Amino acid sequence: MNMKVKHRVLICSKSDFIGEFSKVIDMPCLPTVGLTMRFGVGIKKVNSIIENLLFDEESSTFVAYSKIDIEDYSRKVGDYIPEDRFPIALVKHCGFSVESLNDKFEHIYTKLV
């Protein structure tokens, strides 16, 4: 029996909050903290590591939280990553919805719709 797990991905750059995105996925089992999730297909995949799990009694759903720091990712790959890359990939290519977006990054929203 599969279970529904809501994945919430927080995206930040340095100390700036960019936005939070979510998607409910049917999974064969509950993911564990530290597990790398790979969302999407082909070259548009987005990886994130689950940092925290929560059970929401009201919705009877497990919620898995992860974070992508664009600045850290940029250092890791040794190349500049634009601030809109992950929000666009999550929404347009991985089926996530926008939970919240920092006013400072509202210009990204027009690229998501």
Among the numbered criteria (1) touching a residue at least 24 places away in the same chain (Cβ under 8 Å); (2) touching a Ser or Thr at 6+ places or on another chain (Cβ under 9 Å); (3) buried (at least 17 other Cβ atoms within 10 Å of the Cβ); (4) not acidic (Asp, Glu), which one does Val63 miss? (3)
So which residues in the stretch 28-45 are within 22 Å of Pro87 (Cα to Cα), modelled with pLDDT of 90 or more and either touching a Gly at 6+ places or on another chain (Cβ under 9 Å) or among the aliphatic types (A, V, I, L, M) (or both), if there are any at all? Leu35, Met37, Phe39
Does Ser15 satisfy the criteria of being within 28 Å of Phe105 (Cα to Cα) and polar (S, T, N, Q)? yes
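If we keep just the residues of the stretch 9-22 that are open to solvent by 40 Å² or more (accessible area, probe 1.4 Å) and in a strand (DSSP E or B), which is farthest from Thr61 (Cα to Cα)?
Taking the stretch 9-22 as the starting set, the residues that turn out to be open to solvent by 40 Å² or more (accessible area, probe 1.4 Å) are 10, 14-17.
Now narrow it down to the ones that are in a strand (DSSP E or B): 10, 16-17.
Details: Leu10: 19, Asp16: 29, Phe17: 25 Å.
Among those that are open to solvent by 40 Å² or more (accessible area, probe 1.4 Å) and in a strand (DSSP E or B), it is Asp16.
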Only one residue in Ile49, Ile25 is open to solvent by less than 80 Å² (accessible area, probe 1.4 Å), modelled with pLDDT of 90 or more and not polar (S, T, N, Q). Which one? Ile25
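The values are calculated or read from the model by the stated rules, or taken from the named source; none is laboratory data. Note that this is a predicted model, so its numbers are computed, not measured. A quick note on method: Cβ atoms are made from the backbone with ideal geometry, for glycine too, and the neighbour counts reach across all protein chains shown. Side chains included, ligands, DNA and RNA excluded: accessible areas come from the protein's heavy atoms. Shrake-Rupley method; radii C 1.70, N 1.55, O 1.52, S 1.80 Å.
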